[in-house]
Each structure stands twice: as structure tokens, then as C-alpha cells.
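The values are calculated or read from the model by the stated rules, or taken from the named source; none is laboratory data. Quick caveat: nothing in here was measured; it's all calculated off a predicted structure. Backbone-built Cβ (ideal geometry, glycine too); neighbour counts: all protein chains shown.
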């Protein structure tokens, strides 16, 4: 028996004094209202309505029951309203501020089709991790080493040169091999790559190639880093897509193996699984790691990751 539906029928019929009018008020056919009230009477073990007169009226037992029936209906309606609000509650998602706006627009549109309202927070790596840890967002795309990553983006070097080589080896930047204006050429990192698994790896590669520590520098923004490249012989560590968007020639890193890694982090397994399964491909496109299968859902807990670890750059 549907207890709430039966109570709706009881309250409506009692208020209207008629099964026909009460059924119409409850939005059901008259026979349905009658059956529901009869089932409720059987369930409660006593008559609720006096059917002996022309106008239907509650029995003494029915009058005692009606207040509780109304409260049950009100509680059920409140539950339905709250559930409806929860379904459309925006899902806060922290993404790298390097994600192109056009890809983010596509991601939000894809989310709409999945009945998810995204509230995007564009931020750097440290802030995204903090947003997830403090639960200011429900899900964050955080930086991760390659062996923990869902998405990987190969990194290379952008320059202002008209025709750069297909690959640039770091040892060609050694002071002993350079002269004049080319001395102490630097490799600039943007804030998105100022994370241990990228920065420390680049420093180690630079050290092995004989670079001075000052030849690897971190800019305060990708704009500043790109401006340094345009006005000097310096290089910018970035993805191929970023170089294209900045209209800078891009070369692969000769030493290879340098990649951004990303995974999902959040407190609730349900949020992580939902974003991973429904929006994983779109997120990959935003990050520049397109072409992979949608990531699998992640284990629960802040810092939980989701994924298959595909690596593609466009």
C-alpha cells in the first residue's frame, strides 16, 4: 500500500465530503480513491469515513487520524521538493585556469545534457587541491604524478623562433655551447607546471644536461612566461595545444617523458564517480588529453583519483 497516496485520498475526501470531489482534488479516479482509503482502513484496523450518509464525513477515529495524515503529506511534499532542489544543485568543479574557454563551454553544455549544473572554478594547482580538501568544491581536477594520473599531457618547448627544430635538447642550452645574446637562455615554467612531478623532473633533466639552476625559472603567469619567450631566446615549457593557442612554434623535448598528470579529487565517491563516468571525456578535452576512453569511477575520499591514465595531446 502507498501510505502517502492513501493519506492524500483520505484528506481530500474528508475535506470535500464526497468521494467524487475528493478524488478529483487528489488527482485520481474515484474508484482509485475509494480503494486507497479502504486499504488504509484495513491497514489501521478501523473505519476512517462514515459512508452511511449522503455526505461522507470522518468517523471519530478518522478525525483523530487526520492531523497525522496531513503531517505525513506535508513531510512527503517537503521531501520531494528537497530532492528536486538537490538534483539541480550546482556541482562545484575546480579546473586548471589553463583550460581553453571554448572547451569549458562545451563541458558545461555536455553537463547540461546529463542534468548536471556545473559551477566552474578556474584555479592553479595548489588552490584546486585546497578547494577540494576544504570542500569548497565537490570535485577538483588536481595535479598528479604520471603513475597516479587519469589524464596525461605531454610537454615540450615553445619558442619565438621562426623555424625551430622538431626536438630541442636541453644540453644545447648549456653556457659553454652558447655565445652572445644566447647566453643563459632560460626555460620558463608557468604556474600550472610548478608542481613537484614536473618542476623537479625538469630540474633534474637540466642538471644532467649541464644547465645552471637559474636557467629554469617559474613565471607568475603563462602570460608573463610567453612574453619572456617573445622578447628573448628563452623557451616556455607547455603543451602543444598551448603553444598553438599562443601562436608560438613548439618543439618536442629531446629528453622526453615530461608530462602533466591530472586526476579527480573530492570527498564524496558519488560525485567522483558521476563526474568521471559522465564528463570524463569532456574533461580530457579541456585538459588537452583527448582521445581516451572515459575514466572509471574513483575510490571515495579527498584526493581519490579516477581513471585509466590515457595520454593524448592535440
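Quick notes on this structure:
- The selection criterion, being out of contact with any helix residue (DSSP H, G or I) (no Cβ under 6 Å at 6 or more places or on another chain) and surrounded by fewer than 22 Cβ atoms within 10 Å (Cβ to Cβ), holds for residue 196.
- Screening 230, 235, 211 for residues that are more than 18 Å from residue 170 (Cβ to Cβ), over 31 Å from the mean Cα position of the chain (by Cα) and touching a residue at least 40 places away in the same chain (Cβ under 8 Å) leaves exactly one candidate, 230.
- Across the stretch 131-151, the number of residues qualifying as more than 15 Å from the chain's Cα centre (by Cα) and surrounded by fewer than 24 Cβ atoms within 10 Å (Cβ to Cβ) comes to 5.
- Qualifying positions in the stretch 105-116 - touching a residue at least 24 places away in the same chain (Cβ under 8 Å) and more than 18 Å from residue 141 (Cβ to Cβ): 115
- Residue within the stretch 103-122 that is surrounded by fewer than 16 Cβ atoms within 10 Å (Cβ to Cβ), outside any helix (DSSP H, G or I), out of contact with any helix residue (DSSP H, G or I) (no Cβ under 9 Å at 6 or more places or on another chain) and outside the structural domain of residue 190 (by TED's automatic domain parsing) present: yes
- Against the numbered list (1) out of contact with any helix residue (DSSP H, G or I) (no Cβ under 6 Å at 6 or more places or on another chain); (2) at pLDDT below 95; (3) buried (at least 17 other Cβ atoms within 10 Å of the Cβ), residue 89 comes up short only at (3).
- The stretch 196-220, residues that are assigned to a loop (DSSP other than H, G, I, E, B) and more than 19 Å from residue 254 (Cβ to Cβ): 219, 220
- Residue 171 vs. criteria surrounded by fewer than 21 Cβ atoms within 10 Å (Cβ to Cβ), assigned by TED's automatic domain parsing to the domain that holds residue 248 and at pLDDT 95 or above: no
- Scan of the stretch 123-168 for residues that are in a loop (DSSP other than H, G, I, E, B) and out of contact with any strand residue (DSSP E or B) (no Cβ under 8 Å at 6 or more places or on another chain), ordered by number: 134, 135, 160, 161, 162, 163
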